[in-house]
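Q: Below you'll find the structure I mean.
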Amino acid sequence: SKVRIYTLAKELNLENAKMLEILDGLGVSYKSVSSTIEEDTVELIKQIVAEESTGAGEAQAAAPAEAQDAPKQEPAAQATQTQPTAAAQSAAPASSSATATQTRDDVVTEAPKTDIPHRAPVVTIMGHVDHGKTSLLDYIRKTRVAAKEAGGITQHVGAFEAQTSKGKIVFIDTPGHEAFTTIRARGANVADIAIIVIAADDSLMPQTREAIAHAQAAKVPMIIAINKMDLPQANPEKVKTDLTQLNLVPEEYGGDLIVVPVSARTGEGVEDLLEYISLNAELEDLRADPKGTFAGVVIEGKVDKQAGVLATVMVQEGTLHVGDFLVVGESYGKIKAMTDSAGGRIKEAGPSTPVQILGFSEVPTSGEKVSSAKNEHAARDLIAARASSRRDTENAQVQRKLTLEEMMGPLSTVRTVNLILRADTQGSVEAIQGILARKESEDLKINVMLSGIGAPTEGDVLLAGTAEATILCFSVTAPGSVTKIAENKGVDIKSFRIIYELIDEVDRLIKGNVEPVF
Ligand code: GDP
């Protein structure tokens with residue numbers, strides 16, 4: 001019978017990535033680690049693995065090629081039946097034998113990356129309101145976070161670490177895409193994987209599409225959790241069909257989108273979801289160096305009446321220690337105390353650890369990047385350097401003139417829709433641009449001449465007037481004075497609160513342009 005790739009990998013005590021490597025070597029096609037493979041391929045793989053683990057160093061390279069020539073050698077199957085078991089047994093108890101194989105690989109292929117240890121995946125949960133994001137996070141927190149003995153209550157600090165059979169998974173627990181967008185708006189990317197929650201009784205809703213657009217724009221892999229499976233009216237098939245219409249094809253329909261049915265109420269499927277997250281993380285091969293230069297991102301900042309300024313920082317690289325100097329934007333602080341997300345006092349924190357820090361002088365904003373400095377003096381120097389480079393960019397922006405190309409779009413016969421894009425956050429701008437880019441074709445160019453955060457300005461109207469562009473606003477509106485100038489100049493300013501309505505407008509503009517005007 002058929003076997004799923006990750007099941008086989010587990011059975012043979014192999015990393016999924018290694019398993020895929022073997023499959024690639026055999027020329028076997030697959031969609032993802034949850035794809036199934038044929039029985040004879042399974043036997044072949046067992047044989048290869050068995051040969052590799054018997055220590056025949058050279059056989060390792062030779063095996064896949066050999067196998068490719070003779071993929072269906074039936075007689076071999078019998079021999080391998082006993083062999084892999086022996087191999088698995090010898091490899092299983094002592095993980096050192098697996099390490100030995102890896103080191104040997106390193107010498108041959110000299111992959112410097114493998115010196116850097118793996119880190120836990122950071123996951124964000126997004127989706128439409130009321131589809132169960134908070135409930136899902138609560139369920140995972142309740143069942144997967146060991147409450148610290150002292151204190152007891154786990155506080156909301158913006159992220160938490162869940163323990164699973166496959167290791168740690170860090171969840172950003174501000175549900176919705178606000179957290180994702182604000183963090184991305186500052187150029188940081190914290191999430192490695194986005195879980196898009198879709199209620200089985202409601203299917204895709206506007207914010208679901210937005211969440212998907214955000215994840216796509218950020219190039220963050222998505223896993224779909226179809227929630228509320230306990231409801232009698234749950235209709236997961238509809239959700240899958242609807243996804244297909246967005247060009248997101250679930251695995252069982254032949255695509256590569258992982259869709260996991262869950263219930264945040266009963267807990268059904270949550271284990272599977274966690275397993276898929278771990279699998280995905282393994283494939284992404286997430287690594288960070290605890291000994292490297294510290295880098296982190298602010299998840300959340302607040303003022304506590306008693307403690308003062310508290311900020312949750314996600315350690316992305318390096319290790320934080322109590323007493324370290326941290327620089328955020330143009331302010332700095334010294335770490336007085338750190339607590340982990342379960343409320344326990346800690347002295348140091350490595351990659352993929354969310355830590356609540358006491359010691360910032362000002363409340364940092366989520367998404368701000370955090371660096372460390374050796375001492376107070378170095379911290380001040382860093383801030384001074386930042387302030388001066390900020391002033392330089394500000395000046396440069398004022399002086400920058402638009403080129404003709406930017407004004408008029410490319411000078412060719414290609415049909416062009418000129419747009420000026422204004423949105424509330426950089427994340428929204430990028431999400432919209434991501435969708436627009438996919439609408440382009442050989443003879444259609446969507447030219448976003450200017451995009452920016454905040455309401456459109458008089459300058460935008462002037463530019464739109466000369467270039468015959470439409471100004472599209474997302475979650476921002478033009479002030480009265482600007483609207484008036486636009487009316488005078490015959491420039492269209494259109495505002496939207498839902499990305500897809502904005503996109504629909506672009507579709508209308510495209511259609512408008514299709515009519516031959518010459
Ligand atoms: P959010 O707005 O996406 O964070 O959604 P919530 O977690 O607040 O859930 C919205 C509503 O759906 C609440 O009344 C939940 O109790 C309910 N809900 C969430 N998950 C489930 C589920 O798996 N099954 C059922 N039956 N109800 C759920």
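The values are calculated or read from the model by the stated rules, or taken from the named source; none is laboratory data. Here the structure is a predicted model, which is why all the values come from computation and not from measurement. So basically every Cβ, Gly included, is an ideal-geometry build from the backbone, and we count neighbours across all protein chains shown.
Q: Could you tell me how many of the residues in segment 158-180 are modelled with pLDDT under 90 and within 16 Å of the ligand (Cβ to nearest atom)?
A: Total meeting the criteria: 9.
Q: Since ALA225 meets every condition but one in (1) within 16 Å of the ligand (Cβ to nearest atom); (2) not in a strand (DSSP E or B), which condition does it not meet?
A: (2)
Q: Here is a further query. State all residues of segment 20-43 that are within 19 Å of ILE258 (Cα to Cα) and among the aliphatic types (A, V, I, L, M); if no residue qualifies, say none.
A: Within segment 20-43, the first condition is being within 19 Å of ILE258 (Cα to Cα), and the residues that meet it are 20, 29-37.
Across segment 20-43, the qualifying residues are LEU20, VAL33, ILE37.
Q: So, one more: Say we look at segment 409-457 and pick out the residues that are under 24 Å from the mean Cα position of the chain (by Cα) and hydroxyl-bearing (Ser, Thr, Tyr); which of these is modelled with the lowest pLDDT?
A: In this case the residue turns out to be SER451.
Q: Another question about this same structure. For a quick check of your reading of the model, give me the residue pairs whose first member lies in segment 489-503 and is in a strand (DSSP E or B), whose second is among the hydrophobic types (A, V, I, L, M, F, W, C), with beta-carbon atoms closer than 6 Å and at least 6 apart or on different chains.
A: ILE493/ILE471; ILE493/ALA478; ILE493/ALA486; LYS494/LEU472; SER495/CYS473; PHE496/PHE474; PHE496/LEU502
Q: So ARG497 fits all but one of (1) modelled with pLDDT of 85 or more; (2) surrounded by 15 or more Cβ atoms within 10 Å (Cβ to Cβ); (3) under 24 Å from GLY367 (Cβ atoms); what number is the exception?
A: (2)
Q: Now a separate question. For segment 119-144, enumerate the residues that are part of a loop (DSSP other than H, G, I, E, B), farther than 16 Å from ILE224 by Cβ and within 8 Å of the ligand (Cβ to nearest atom). Working first, answer last.
A: From segment 119-144, those part of a loop (DSSP other than H, G, I, E, B) are 119-121, 128-132; that's our starting set.
Now drop any that are not farther than 16 Å from ILE224 by Cβ, which leaves 119-121, 129-130.
Within segment 119-144, VAL129, ASP130 meet the criteria.
Q: Looking only at residues in segment 328-343 that are under 16 Å from LYS369 (Cα atoms) and hydroxyl-bearing (Ser, Thr, Tyr), which one is surrounded by the fewest Cβ atoms within 10 Å (Cβ to Cβ)?
A: Within segment 328-343, the match that is surrounded by the fewest Cβ atoms within 10 Å (Cβ to Cβ) is SER331.
Q: Here's a follow-up. Starting from residues that are over 26 Å from the mean Cα position of the chain (by Cα) and of a type in the set (A, V, I, L, M, F, W, C), keep the ones in segment 229-251 and report whichever is nearest to the ligand (Cβ to nearest atom).
A: Going residue by residue through segment 229-251, those that are over 26 Å from the mean Cα position of the chain (by Cα) are 230-235.
From the residues that got through so far, the ones that are of a type in the set (A, V, I, L, M, F, W, C) too are 231, 234.
On the way: LEU231: 5, ALA234: 9 Å.
Taking the candidates together, the pick is LEU231.
Q: Still on this model: Among ASP304, ASP272, which is away from the ligand (no atom under 16 Å from the Cβ) and of a type in the set (Asp, Glu)?
A: So the residue among ASP304, ASP272 that is away from the ligand (no atom under 16 Å from the Cβ) and of a type in the set (Asp, Glu) is ASP304.
Q: If you don't mind, there's one more thing I want to ask. Does ALA217 meet the test of being within 16 Å of the ligand (Cβ to nearest atom) and either within 28 Å of PHE474 (Cα to Cα) or not hydroxyl-bearing (Ser, Thr, Tyr) (or both)? Please lay out each step first, then the result.
A: Values: within 16 Å of the ligand (Cβ to nearest atom): no; either within 28 Å of PHE474 (Cα to Cα) or not hydroxyl-bearing (Ser, Thr, Tyr) (or both): yes.
Considered against the rule, which asks whether it is within 16 Å of the ligand (Cβ to nearest atom) and either within 28 Å of PHE474 (Cα to Cα) or not hydroxyl-bearing (Ser, Thr, Tyr) (or both), ALA217 comes out as no.
Q: Here are some conditions: (1) hydroxyl-bearing (Ser, Thr, Tyr); (2) assigned to a loop (DSSP other than H, G, I, E, B); (3) away from the ligand (no atom under 16 Å from the Cβ). THR266 meets all but one. Which one does it not meet?
A: All conditions are met except number (3).
Q: What do you reckon, is ASP138 surrounded by 11 or more Cβ atoms within 10 Å (Cβ to Cβ), over 23 Å from GLU11 (Cα atoms) and either modelled with pLDDT of 85 or more or within 24 Å of the chain's Cα centre (by Cα) (or both)? Spell out the reasoning first.
A: Values: surrounded by 11 or more Cβ atoms within 10 Å (Cβ to Cβ): yes; over 23 Å from GLU11 (Cα atoms): yes; either modelled with pLDDT of 85 or more or within 24 Å of the chain's Cα centre (by Cα) (or both): yes.
Yes: the conditions hold for ASP138.
Q: Could you say whether any residue in segment 280-297 is within 16 Å of the ligand (Cβ to nearest atom) and among the aliphatic types (A, V, I, L, M)? Working first, answer last.
A: Taking segment 280-297 first, the residues within 16 Å of the ligand (Cβ to nearest atom) are none.
Within segment 280-297, none of the residues are within 16 Å of the ligand (Cβ to nearest atom) and among the aliphatic types (A, V, I, L, M).
Table: residues versus (1) at pLDDT below 95; (2) surrounded by 16 or more Cβ atoms within 10 Å (Cβ to Cβ); (3) over 19 Å from the mean Cα position of the chain (by Cα).
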position: ILE258; (1), (2), (3): no, yes, no
position: PRO261; (1), (2), (3): no, yes, yes
position: ALA264; (1), (2), (3): no, yes, yes
position: ARG287; (1), (2), (3): yes, no, no
position: GLY296; (1), (2), (3): no, yes, no
position: VAL303; (1), (2), (3): yes, no, yes
position: ALA307; (1), (2), (3): yes, no, yes
position: LEU310; (1), (2), (3): yes, yes, yes
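Q: Only one of (1) modelled with pLDDT of 90 or more; (2) within 30 Å of THR425 (Cα to Cα); (3) not aliphatic (A, V, I, L, M) fails for GLN155. Which number is that?
A: Result: GLN155 passes all but (1).
Q: Just one of ALA213, ALA179, ALA188, ALA234 is part of a helix (DSSP H, G or I) and either out of contact with any helix residue (DSSP H, G or I) (no Cβ under 9 Å at 6 or more places or on another chain) or surrounded by fewer than 17 Cβ atoms within 10 Å (Cβ to Cβ) (or both); which is it?
A: On the way: ALA213 fails: either out of contact with any helix residue (DSSP H, G or I) (no Cβ under 9 Å at 6 or more places or on another chain) or surrounded by fewer than 17 Cβ atoms within 10 Å (Cβ to Cβ) (or both); ALA188 fails: part of a helix (DSSP H, G or I); ALA234 fails: part of a helix (DSSP H, G or I).
It is ALA179.
Q: In segment 241-263, how many are under 18 Å from LYS228 (Cβ atoms), in a loop (DSSP other than H, G, I, E, B) and touching a strand residue (DSSP E or B) at 6+ places or on another chain (Cβ under 6 Å)? Steps first, please.
A: Of all residues in segment 241-263, those under 18 Å from LYS228 (Cβ atoms) come to 241-243, 250, 259-263.
Narrowing the set further to residues that are in a loop (DSSP other than H, G, I, E, B) leaves 262-263.
Okay, now just the ones that are also touching a strand residue (DSSP E or B) at 6+ places or on another chain (Cβ under 6 Å), so 262.
Result for segment 241-263: 1.
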